[in-house]
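*Asks:* Just dropping this structure here.
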Amino acid sequence: MIRVLKPGLQTTIQSRPRIGLRHRGVPSGGAADQLSLALANKLVGNKWDAPALEATLIGPTLLFDKSCSVSIAGGKVATTLNGAPVKSHECIPVRVNDELAIGGLLSGARVYIAFSGGLQFESVLGSASTNLQAAFGGVDGRALQAGDTLRALARLADNAKTPDEFRPRSLASVALRTCEAMETDLLDDAQRTVLFESKWQVGQRADRMGMRLGGALLDVTSDGRMPSAAVFPGTVQCPEDGAPYLLSVDAGTVGGYPRIVQVARLDLHILGQLRPGDRLRLLRTDPDEAVDLLRAKHDYWREWLPDIAAII
Amino acid sequence: MLTRSADDQFCLSVKSTADAQALAVQIQESNQWLDVVPGINSVVVRFDAARMEPDDAEYRLRKIVDHGIEPLAIPEQIVEIPVAYGGNNGPDLERVCKSLEITQPEFIALHTAKVFPVELVGFTPGFAFIGELQSQLHFPRRKEPRQSVPGGSVAVADSRTGLYALSSPGGWNIVGRTSLRLFDSAAEDPFLLSPGMRVRFVPLQNGDQQ
């Protein structure tokens, strides 16, 4: 048993996304940064999508009553085991009565804490992932609270470290490859220049639903509404007020605002690490080129994460 | 019309919501797509760009479109939705009726007179868009959306009724509430409604058990 002493700011159980239910209104959800979830699980010998903790901005403090192995990947964070510093991207053996304290994130927005054997949670609609809006999955569909208990398997993983070349760098300034979407045409040439040349800033209320992008306002040549149509993680909508909104993993599945651009699949995992105030560029990318880049990225990562094509 | 709408998406534009539903079912049958999501007048298909060439995805979709849209059979069954209208259950009903210059009983009589099709399920799990309201009932959405609309709320906006399966923020005008569970993640089939189904609203009298 693992006891939650402090829950952190918003810590949830996350695993694989829910695929193929968007036409019933169920968002894909799952880890907001699937690559980091996979990296954490790899270090404790799990399948990439074993249920783990996703902590947001401030991590939890956990007390163990069994020996097991844990690992941490994602944003930059200071962690202690019984007061002594331990590192991310390394398998950490813990023993009975050990206390693991994950601090505030120094960069990035989320860290993933994986446990050997995976956290034991039932699958709901194909995944153990927590959906906070609809309140299902994980611990009763909610974020962790002090006093919650989690079940992992008492087993120790072999020592492992993530090789240097597979440790993602956290940056406070990122560029996302994006492709034209269905309503990009509602922006004239000048407005497209604003879209692709502006340095956008992630809004204060960034969460698993999405984030407002500040820094400029866009003028769409319509009344700002259209017949409801499918949206996805990475869709950038432009509501009536002209401030673009970037959808993330838990966003609604259909929307009525113009879809002005779509983040390409290969960069979707980065959305999970964007925190309020981060700077962001949207790079105009040809869709076929984005597919080529996705496959090249898969080829790079496959050596460390053989399932990479299911992860990103 | 078939349009590439991102690196791994194609959008098919259609004439009607019924066409969108029928086409989505036809595309889904081939069972080779990550998502097939109908909208009011479109279907968006997401393919697995790691395994399928974009040209190949386009070719397969074009073949389905060229084959023509086969209308879905209209289901015999009509799902009855009991609704407690007005008062605390429908806090916007009074204001909507005043603006539409009809009485609340007139609104309820019209809203319960017709069998309506489910046009779309989406936004949140189980949220149902139900069309098309009689023109006397068309009313714009609220200028200021509510931070929280209770689950079970029956609401109207523009030409549609929306059923809030779960509590969520929302801008539709709440006219009543149903006790039916539209989404239950623990049930074998978690969804009460799906696109193409037909519903009728049944008014609960004051004092009826919700």
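*Asks:* Can you tell me which of B:G90, B:G68 is away from chain A (no Cβ under 14 Å), assigned to a loop (DSSP other than H, G, I, E, B) and touching a strand residue (DSSP E or B) at 6+ places or on another chain (Cβ under 9 Å)?
*Replies:* Values: B:G68 fails: touching a strand residue (DSSP E or B) at 6+ places or on another chain (Cβ under 9 Å).
Unique residue meeting the criteria: B:G90.
*Asks:* Those residues that are more than 16 Å from B:H67 (Cα to Cα), within 8 Å of another protein chain (Cβ to nearest Cβ), of a type outside the set (K, R) and not in a loop (DSSP other than H, G, I, E, B), I need them from region B:1-34; list them, please.
*Replies:* B:T3, B:S5, B:A6, B:Q9, B:C11
*Asks:* How about region A:268-284: which of its residues are in contact with a strand residue (DSSP E or B) (Cβ under 8 Å, 6 or more places away or on another chain), under 22 Å from B:A50 (Cα atoms) and either outside the structural domain of A:A206 (by TED's automatic domain parsing) or crowded, with 21+ Cβ neighbours inside 10 Å (or both)?
*Replies:* Hits for region A:268-284 are A:I270, A:L271, A:G272.
*Asks:* Just to verify a result, which residue in region A:271-296, among those that are more than 12 Å from chain B (Cβ to nearest Cβ), more than 23 Å from A:T193 (Cα to Cα) and assigned to a helix (DSSP H, G or I), is farthest from the chain's Cα centre (by Cα)?
*Replies:* A:Q273
*Asks:* Scanning region B:43-53 for residues that are within 7 Å of chain A (Cβ to nearest Cβ) and in contact with a helix residue (DSSP H, G or I) (Cβ under 6 Å, 6 or more places away or on another chain), which turns out nearest to A:H23 (Cα to Cα)?
*Replies:* Step by step, filter region B:43-53, then rank; the result is B:A49.
*Asks:* Now for a different question. So which residues in region A:227-254 are within 9 Å of chain B (Cβ to nearest Cβ) and surrounded by fewer than 23 Cβ atoms within 10 Å (Cβ to Cβ)?
*Replies:* Passing the criteria: A:P227, A:G252.
*Asks:* Identify all residues within region A:165-206 that are within 24 Å of the chain's Cα centre (by Cα), within 14 Å of another protein chain (Cβ to nearest Cβ) and crowded, with 17+ Cβ neighbours inside 10 Å; write none if there are none.
*Replies:* A:L176, A:R177, A:T178, A:C179, A:E180, A:A181
*Asks:* Residue check: is A:G29 free of Cβ contacts under 8 Å to residues at least 60 places away in the same chain and either on the phi > 0 side of the Ramachandran plot or within 14 Å of another protein chain (Cβ to nearest Cβ) (or both)?
*Replies:* So A:G29 does not fit the description; no.
*Asks:* Condition check: surrounded by 13 or more Cβ atoms within 10 Å (Cβ to Cβ) and free of Cβ contacts under 8 Å to residues at least 40 places away in the same chain. Does B:L166 satisfy that?
*Replies:* Working: surrounded by 13 or more Cβ atoms within 10 Å (Cβ to Cβ): yes; free of Cβ contacts under 8 Å to residues at least 40 places away in the same chain: no.
No; evaluated as a whole, the condition is false for this residue.
*Asks:* Quick one: how many residues across region B:35-60 are polar (S, T, N, Q) and either in a strand (DSSP E or B) or surrounded by 24 or more Cβ atoms within 10 Å (Cβ to Cβ) (or both)?
*Replies:* 1
*Asks:* Looking at the structure I just gave you, is A:D299 more than 10 Å from chain B (Cβ to nearest Cβ) and in a helix (DSSP H, G or I)?
*Replies:* Values: more than 10 Å from chain B (Cβ to nearest Cβ): yes; in a helix (DSSP H, G or I): yes.
Yes; evaluated as a whole, the condition is true for this residue.
*Asks:* When you check A:I312 against the structure, is it farther than 24 Å from A:V26 by Cβ and in contact with a His (Cβ under 7 Å, 6 or more places away or on another chain), yes or no?
*Replies:* No; evaluated as a whole, the condition is false for this residue.
Yes or no, residue by residue, for (1) of a type in the set (A, V, I, L, M); (2) surrounded by fewer than 19 Cβ atoms within 10 Å (Cβ to Cβ); (3) within 14 Å of another protein chain (Cβ to nearest Cβ):
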position: A:V70; (1), (2), (3): yes, no, no
position: A:H89; (1), (2), (3): no, no, no
position: A:G103; (1), (2), (3): no, yes, no
position: A:I113; (1), (2), (3): yes, no, no
position: A:L132; (1), (2), (3): yes, yes, yes
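The values are calculated or read from the model by the stated rules, or taken from the named source; none is laboratory data. Quantities reported herein were computed from a predicted structural model and do not represent experimental measurements. So basically every Cβ, Gly included, is an ideal-geometry build from the backbone, and we count neighbours across all protein chains shown.
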